[in-house]
Structures are given as C-alpha cells and as structure tokens.
Amino acid sequence: MPRTENDIAIVSYAQSPLLRRSENTETEMMLSTVQGAIKAAGLGKGDIGFTVSGSCDYLSGRGFSFVANVDAYGAYPPINESHVEMDGSFAMYEAFVRLLQGDIDTAVAAGVGKTSNSDPATLYTIEMDPYYLTPLGADVASLSALQYRALLDSGKVTERDVAEVVARNRRAAKDNLNAQVSGDFDVDELLAAPYVRNPLRRHDLPPVTDGCAAVVLARGQKAYELCERPVWITGIDHRIEPHLPTMRQDLTSSVSTRLAAEGAGVASGPVEVAEIHAPFSFQELIVREALGLGDDTEINPSGGALAANPVMVTGLLRVIEAAKQIAENGRSRTLAHTTSGPCLQQNLVCILEGDQ
Amino acid sequence: MTDTSIADPSNDMEPFNLQFPFTRTLGNTLSTFFSAVAQGQLIGVKVGGRVIAPPLEYDPETGADAGSEWVKVGPRGTVSAWTYVPEPTHLHPVQGPFAFAFVTLDGADTPMIHVVEAPEDQLRSGLRVEARFKEGDEVNGRIDDFVFVPATDPSPSEGAGEPYQAPAEPEIQTMDAYCDLTYVDNAAPVTRVWTQALLEGKLVGRTCPQCGRTFVGAVSLCCVDAIELDESTQSEMPQTGVVTNFTVITPVPYPGQKETEPFVRCSVMLDGTDAVLGQQTIVGIPASEVRVGMHVALEWEPEGQRDVSEIGNGGHGSTGGAVVGWKPTGEPDEPAENYVDRMM
C-alpha cells in the first residue's frame with residue numbers, strides 16, 4: 001500500500017539496560033537512550049519537532065523528576081515538549097496524534113522508570129480510588145489476585161494454563177539480552193510454589209526493573225529519508241474502563257482491549273507476532289482472547305513484562321519489540337499492547353506494518 | 001554512560017519517608033454513605049434499575065447522575081472472589097493475615113472490594129459474611145470503619161433493599177487521608193564524586209566540550225547540548241565568587257523547621273568561570289545588606305564535621321552541611337548589571 005504524508009512510522013528506537021537497580025538517575029538513563037534513538041535515525045537534537053515522555057515522580061520518590069528529565073532532550077533553545085503520567089507507549093500515542101497535525105515531521109517519545117526506589121507493595125495503593133480503596137491499603141497484587149480468582153472460577157483457564165504462560169515467557173526471554181528473568185522452568189515445579197496472594201505465586205508477578213526506552217517517529221516521506229524499512233503505525237487505539245474493578249461487568253474479559261483492537265483494525269489482516277503487556281501472568285490470557293488472536297500468532301518472543309518490567313517503560317518496550325520484528329526480522333504485520341491501571345483498566349493496541 | 005552498572009547497595013542513601021496529610025471533601029453521595037457508615041448502616045444508590053453499593057455519584061454504564069435514591073444494603077453479603085494477604089503492610093487496616101474479597105451485600109447488585117477476616121481455608125466463592133463495625137471513639141465515618149467476618153447467621157439481611165432516608169445535612173463531610181511511603185534512592189556516581197569532593201574541602205565542576213559551559217555540583221550532563229559529561233571533563237573550581245542574585249526568605253511554621261528568622265538564599269558565580277551555584281547561604285552580614293555584585297568566599301565546616309548526608313541526586317550544586325556559607329570578602333562590588341543573565 002503506498003504511504004501518504006499522513007502515515008506515521010517508527011524510524012528508530014533505543015533502550016537502556018533493564019536492571020533490578022540502576023545506579024543512575026532517571027535523567028541519566030533518559031540521556032543515553034533518547035539521544036541514542038535520535039542518533040540512530042541520523043538526526044540531532046535540534047531536528048526533532050516534538051518530544052513527549054511518560055514517567056511518574058512517585059516511582060523514584062523525587063519530586064519534579066519529570067522536569068529534570070527534560071535536560072535529557074537538551075531543551076535549549078526551547079523545545080516543544082509534553083509529558084504523560086503514563087507508560088511511554090501512551091506518550092508515543094500523543095506523538096502520533098501530534099504528527100497528524102501535519103506541521104512537523106519528526107517526534108520522539110520516551111518512557112522512563114526508576115522503579116527500584118519504591119516499594120510496589122505499598123506504592124500503588126495511592127493510584128486506587130481514594131475513598132473506597134486506598135484507605136484499605138488495596139494493593140495492586142491483591143486486586144490482580146481477585147481478578148485471577150474470578151478467571152479461575154469462570155472455568156475459562158486453570159492454574160496450569162497460567163503456569164505455562166510463565167514458563168513460555170521465561171523460555172522466550174532466554175533470547176532477550178535485556179531480560180532480568182529467563183530460563184527453563186518446569187510447570188509442575190512452578191505450580192508447587194507457595195502463594196503470595198492466593199492464587200498468585202511469586203512467578204506470576206513481574207520483576208522490579210529500572211530502565212528507559214525511546215522511539216523516533218517520522219511522518220510520510222521523511223520516514224524513508226531516515227531509515228531503510230520504516231515500521232508504519234497503521235492502527236492505534238486506547239480505551240478505558242471504570243477505575244473501580246467492581247464496576248466492570250466481567251473482570252475475566254477485557255472489553256476495553258476488544259474495543260481498542262477493533263479500533264486499531266487488528267482483524268483486517270494476519271498478526272504474525274503480538275507483544276502483550278501483561279504484568280501479571282494470567283492477564284496475558286485475558287488480553288489474548290480480547291485481541292481475537294489465533295494460534296498462529298507468536299506471543300511475546302521477548303518474554304514480555306514477566307522478563308523485565310520497568311514501570312512507565314514496559315508498554316513502550318512492547319512497541320519496540322513488535323517493531324524490531326518488522327525492522328530486523330523480516331515480519332510484515334505485528335501487534336503491540338499496553339495496559340495501565342488495576343486489573344487491565346486501560347488498554348492500548350497498535351498495529352505495526354512494514355512495506356511489502 | 002555508566003548506566004550498565006548495577007547499583008552497589010553500599011551506595012544506598014538513607015530511607016526517605018514521604019508523608020503528607022490532607023483532607024478530602026466528600027460531596028453529597030459520599031457524605032451520605034460515610035455518615036450512614038458512622039451509624040452502622042450500609043447503603044447503596046439505585047440507578048439504571050440496579051443498586052450500586054457502595055454508592056457512586058454517577059452511573060458507570062452511562063455517566064449519568066446517579067441521583068439520591070438511597071437503599072439499605074447488608075450487613076450480610078456474599079463473597080464472589082477472594083485473595084489472601086498473609087503478611088499485611090502498614091497500609092492495610094488489619095495487622096494479622098486477612099483476605100481481600102469481592103462482597104456483594106444483600107440488596108446490592110454490584111460487589112465491593114473489602115477486607116474479610118477469616119482463616120484462608122474457609123474462603124470460597126459463595127461464603128456468607130457480615131460487616132463488623134468499629135464502635136465508640138474508633139468510629140470515623142470511613143470505609144475502614146468496618147471489616148467483614150464469616151456470618152454467624154447466613155440468612156438474608158433484614159431490611160436490605162428497603163429505602164434509606166438520608167439526613168438533610170449528613171454528619172460526615174470530609175475524610176482525612178494520609179500518604180505514607182518510603183523510598184530508598186541510591187547515590188548516582190556523579191553525586192558520590194561531588195559529595196566526596198565536599199568532604200575534602202573542594203568544589204568540582206564539569207565543562208561541556210561542545211558549548212564550554214561549566215556545571216558545578218552533582219551534574220553529569222550538559223542540559224543544553226544533551227551530552228554526557230564524564231570525569232574527564234571535571235576540574236577543581238575556585239572557592240570565591242560574586243553574588244548574582246538573592247532572595248530573603250521569611251520562614252512560615254512547618255514541621256521539622258530549622259530556620260526561624262529571615263534568611264538569604266543566593267546564587268554565586270565562581271570567579272573565572274561561568275558556573276553558578278544556586279540556593280547558597282550567606283553568613284557574616286545581615287540579610288538587609290546582601291547585594292548583587294558582592295564578592296564572597298566559601299567558609300567550610302571544619303574537616304570531620306562536614307555533613308553531606310542530605311545531598312541527593314537532585315541537589316545539583318547543593319553544599320548541604322559541608323559548608324557554613326559564603327562570607328563577604330570586603331572587596332568593592334562588581335556592577336550588578338553584569339549579572340542579569342546569570343541569576344541561576
């Protein structure tokens with residue numbers, strides 16, 4: 001299909017090492033990653049029309065980290081900059097929309113998270129409903145466990161199915177140099193592990209990871225000038241459900257993922273590879289069903305969020321991994337999915353395509 | 001960039017406890033609910049043909065105003081999903097092992113997420129539970145005024161589904177909330193270099209090879225050119241300079257306050273460089289006599305008494321407790337207009 005000036009592509013990407021604990025600050029992780037992505041596109045900092053990053057100061061516990069991070073863009077002379085308190089994939093969505101305005105032809109989107117400074121068992125209570133959930137200390141693992149329990153009670157999946165998700169992701173992660181958690185694991189041994197939040201076991205939870213990722217987007221002809229094989233974003237959609245998990249009709253199916261998949265046009269062609277953002281193992285099965293993927297779609301060759309989970313970055317890493325399949329592995333149509341909020345509250349789906 | 005290095009735990013800084021109290025206003029729906037809770041009564045709101053409990057201000061299906069058709073629900077209900085918390089954190093409302101569960105109260109059509117105090121082996125979908133309310137001084141009119149326990153009598157709750165007559169002026173109008181999170185950051189390599197230099201009575205800076213600007217403090221990059229400044233760009237800085245800007249701060253009371261009298265924070269441009277240190281202390285002169293253009297020299301705390309423990313990664317040119325402050329040298333002032341672009 002011929003591309004037009006309204007088509008937008010990923011032309012380069014970069015990621016920092018994904019570490020249990022980096023000795024660097026968010027800004028330092030951003031500097032090498034963002035400038036690395038810009039350089040990989042053959043550009044300099046002054047060539048970028050729009051920059052947007054996704055991060056959350058509550059992760060590092062350092063107020064105005066998101067402002068300090070602007071230093072990584074070299075913001076003098078002043079730049080056109082934005083920020084989302086969400087994963088970098090949502091920042092990429094903003095950059096995509098910004099490029100559609102047609103007055104600029106390049107943008108950078110990044111995500112960064114210094115997660116290791118905080119305690120995930122307590123931190124995420126403050127993202128819950130402040131009247132009904134935060135005072136109960138409702139933590140994200142507990143809420144995910146309730147969703148997992150509902151999924152088991154529905155009879156759709158078994159704990160063995162979920163253990164197989166863990167084993168498959170960890171096995172796939174052996175080929176991912178950035179994976180924190182990888183290897184061959186026996187499903188029976190996984191099932192013998194104790195519960196941390198019944199029915200969640202330790203291996204159903206994502207690791208704590210520090211890291212950063214960035215993509216450079218370009219519009220129309222500019223994409224061909226900057227790389228040999230642009231990765232075109234041919235569909236992207238983001239849907240949100242009520243923040244109280246109890247107000248959703250059925251926690252075992254993801255309506256927002258299904259609608260985002262429809263909006264992104266997932267079903268209009270075969271999907272060779274899907275990178276699913278499922279921070280809790282069982283969520284991959286819910287998302288996979290909602291995306292309507294068949295058995296011929298390869299899921300998470302990177303190992304997914306169970307292999308490395310830099311919060312605010314994990315979703316953008318799914319985009320980068322799905323883009324790599326096109327730019328480096330000769331695939332022609334892949335999918336990236338990102339989630340945010342408790343129990344798959346928000347879901348973004350994007351379809352990536354290479355030229356035939 | 002050195003970010004391939006995994007942090008050494010010995011570089012962890014002191015834990016930082018982020019605490020702040022705040023008071024939330026509740027609005028009519030939440031005021032009505034929490035005022036009922038304070039009386040030991042659970043209620044929902046009837047909207048779109050179903051009862052939502054606890055009530056919301058809007059119908060989540062349509063976004064429409066949920067109105068105020070209050071309905072009594074509970075105190076008994078049925079568990080539909082559960083998980084078990086074997087080791088509670090300080091943010092959980094009970095100190096021993098407990099369950100979180102979806103509990104659909106009698107008379108309600110939607111579940112609520114709440115605490116169930118029961119042994120793990122008793123938990124199952126379909127378990128009948130009942131609310132146990134706090135009493136006396138412990139009642140605050142909050143969601144944690146009650147927990148659920150296995151129901152001694154599983155029969156349907158009396159009065160559930162009946163209309164609830166709300167008071168014209170609900171008693172509970174606000175909710176006190178408290179944020180209490182603990183962080184452990186690690187000193188970045190450049191922060192360690194900066195604090196070590198301070199302990200040795202030195203100021204160090206890094207000069208950008210591209211634009212020539214010098215940055216003093218825990219700074220590892222040029223924010224103009226967006227390039228890393230490694231130790232090869234580092235040199236020792238002079239300890240005299242000129243005040244380029246200042247403000248006089250009159251303290252207002254706050255917890256942990258050290259300063260009580262008006263004090264000066266100023267920017268100092270180091271002699272022979274274009275490096276400016278911000279947020280510096282002036283000593284040896286009344287606040288009213290501080291001037292832009294004034295020559296100052298750094299006065300260190302005695303060796304062995306220099307405290308750098310409060311210098312974090314974001315401090316840039318912070319000198320912490322390593323110095324007493326900058327003292328006027330008595331030399332004639334420089335013209336203030338020379339420094340209008342070097343405020344910070």
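The values are calculated or read from the model by the stated rules, or taken from the named source; none is laboratory data. Source: prediction; values computed, not measured. Neighbour counts are summed over all protein chains in view; Cβ atoms, including those assigned to glycine, are modelled from backbone coordinates with ideal geometry.
Assorted remarks:
- A search for C-beta distances below 6 Å between a residue of region B:134-152 that is assigned by TED's automatic domain parsing to the domain that holds B:Pro55 and any residue that is of a type in the set (Phe, Trp, Tyr) and assigned to a helix (DSSP H, G or I), counting only pairs 6+ apart in sequence or on different chains, returns B:Gly141/B:Phe34.
- In region B:93-114, of all residues being of a type in the set (Val, Ile, Thr), more than 7 Å from chain A (Cβ to nearest Cβ) and in a strand (DSSP E or B), the one that is surrounded by the fewest Cβ atoms within 10 Å (Cβ to Cβ) corresponds to B:Thr104.
- Qualifying residue in region A:316-325 (condition: surrounded by fewer than 24 Cβ atoms within 10 Å (Cβ to Cβ) and either closer than 18 Å to A:Glu94 by Cα or free of Cβ contacts under 8 Å to residues at least 24 places away in the same chain (or both)): no
- Residue that is surrounded by the most Cβ atoms within 10 Å (Cβ to Cβ) [pool: residues in region B:69-92 that are within 11 Å of another protein chain (Cβ to nearest Cβ), of a type outside the set (Ser, Thr, Tyr) and closer than 23 Å to A:Leu251 by Cα]: B:Trp82
- Filtered residues of region A:175-189 (kept if touching a residue at least 24 places away in the same chain (Cβ under 8 Å) and closer than 30 Å to A:Cys212 by Cβ): A:Asp175, A:Asn176, A:Asn178, A:Ala179, A:Gln180, A:Val181, A:Ser182
- Test: B:Gly272 is more than 14 Å from chain A (Cβ to nearest Cβ) and either under 30 Å from B:Leu26 (Cβ atoms) or at pLDDT 95 or above (or both): no
- Some residue of region B:307-316 being hydroxyl-bearing (Ser, Thr, Tyr), in contact with a strand residue (DSSP E or B) (Cβ under 9 Å, 6 or more places away or on another chain) and either in a strand (DSSP E or B) or closer than 30 Å to B:Val184 by Cα (or both): yes
- The single condition among (1) within 26 Å of the chain's Cα centre (by Cα); (2) more than 12 Å from every other protein chain (Cβ to nearest Cβ); (3) not in a strand (DSSP E or B) that B:Pro21 does not satisfy is (3).
- Selection within region B:225-266 - closer than 24 Å to B:Asn338 by Cβ, at pLDDT below 95 and among the aliphatic types (A, V, I, L, M): B:Val248, B:Val264
- Residue within region A:228-250 that is within 26 Å of A:Ala167 (Cα to Cα) and in contact with an Asp or Glu (Cβ under 9 Å, 6 or more places away or on another chain) present: no
- Matching helices (runs of 4 or more DSSP H) fully within region A:109-179 where at least 1 residues are more than 14 Å from chain B (Cβ to nearest Cβ) and modelled with pLDDT of 95 or more: A:159-172
- Counting the residues of region B:278-302 that are closer than 12 Å to B:Val323 by Cβ, assigned to a loop (DSSP other than H, G, I, E, B) and over 34 Å from the mean Cα position of the chain (by Cα) gives 1.
- Lone unmet requirement of (1) in a helix (DSSP H, G or I); (2) in contact with a His (Cβ under 9 Å, 6 or more places away or on another chain) for B:Phe148: (1)
- Taking the conditions (1) of a type outside the set (Asp, Glu); (2) over 30 Å from A:Val70 (Cα atoms); (3) modelled with pLDDT of 95 or more in turn, A:Ile236 satisfies each one other than (2).
- Matching residues, region B:308-343, being within 28 Å of the chain's Cα centre (by Cα) and exposed (fewer than 14 other Cβ atoms within 10 Å of the Cβ): B:Ser309, B:Glu310
- The residues in region B:115-133 that are more than 11 Å from every other protein chain (Cβ to nearest Cβ) and without any contact (Cβ under 8 Å) to a residue 40 or more places away in the chain can be counted, and the count is 6.
- Those residues of region A:193-226 which are in a strand (DSSP E or B), closer than 21 Å to A:Ser12 by Cα and out of contact with any strand residue (DSSP E or B) (no Cβ under 6 Å at 6 or more places or on another chain), in sequence order: A:Gly211
- Residues of region B:218-248 that turn out to be within 30 Å of A:Leu43 (Cα to Cα), in contact with a strand residue (DSSP E or B) (Cβ under 7 Å, 6 or more places away or on another chain) and not in a strand (DSSP E or B), as a count: 4
- Counting the residues of region A:3-54 that are more than 13 Å from every other protein chain (Cβ to nearest Cβ) and at pLDDT 95 or above gives 15.
- Number of residues in region B:212-241 that are out of contact with any Asp or Glu (no Cβ under 7 Å at 6 or more places or on another chain), without any contact (Cβ under 8 Å) to a residue 12 or more places away in the chain and at the interface with chain A (Cβ under 10 Å from one of its Cβ atoms): the value is 1.
Yes/no per residue for (1) in a strand (DSSP E or B); (2) in contact with a strand residue (DSSP E or B) (Cβ under 8 Å, 6 or more places away or on another chain):
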| position | (1), (2) |
| --- | --- |
| A:Ser302 | no, yes |
| A:Leu306 | no, no |
| A:Val311 | no, yes |
| A:Ile320 | no, yes |
| A:Gln325 | no, yes |
| A:Gly330 | no, no |
| A:Ala336 | yes, yes |
| A:Leu344 | no, no |
| A:Asp355 | no, yes |
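- Failed item in (1) within 13 Å of another protein chain (Cβ to nearest Cβ); (2) under 36 Å from the mean Cα position of the chain (by Cα), with B:Asp65 passing the rest: (1)
- Cross-chain or 6+ apart pairs with Cβ under 8 Å, region B:197-211 first and free of Cβ contacts under 8 Å to residues at least 24 places away in the same chain and under 12 Å from B:Met237 (Cβ atoms), then part of a loop (DSSP other than H, G, I, E, B) and among the hydrophobic types (A, V, I, L, M, F, W, C): none
Every residue, every condition in (1) touching a residue at least 60 places away in the same chain (Cβ under 8 Å); (2) surrounded by 14 or more Cβ atoms within 10 Å (Cβ to Cβ); (3) closer than 24 Å to B:Thr104 by Cβ; (4) touching an Asp or Glu at 6+ places or on another chain (Cβ under 6 Å), yes or no:
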{"residue": "B:Pro15", "(1), (2), (3), (4)": "yes, no, no, no"}
{"residue": "B:Gln19", "(1), (2), (3), (4)": "yes, no, no, yes"}
{"residue": "B:Phe34", "(1), (2), (3), (4)": "yes, yes, yes, no"}
{"residue": "B:Val37", "(1), (2), (3), (4)": "yes, yes, yes, yes"}
{"residue": "B:Thr62", "(1), (2), (3), (4)": "no, no, yes, no"}
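- Residue that is farthest from the other protein chains (Cβ to nearest Cβ) [pool: residues in region B:48-62 that are within 14 Å of B:Gly107 (Cβ to Cβ) and outside any loop (DSSP other than H, G, I, E, B)]: B:Val51
- Members of region A:29-47 that are buried (at least 24 other Cβ atoms within 10 Å of the Cβ) and in contact with a Leu (Cβ under 7 Å, 6 or more places away or on another chain): A:Leu31, A:Ala41
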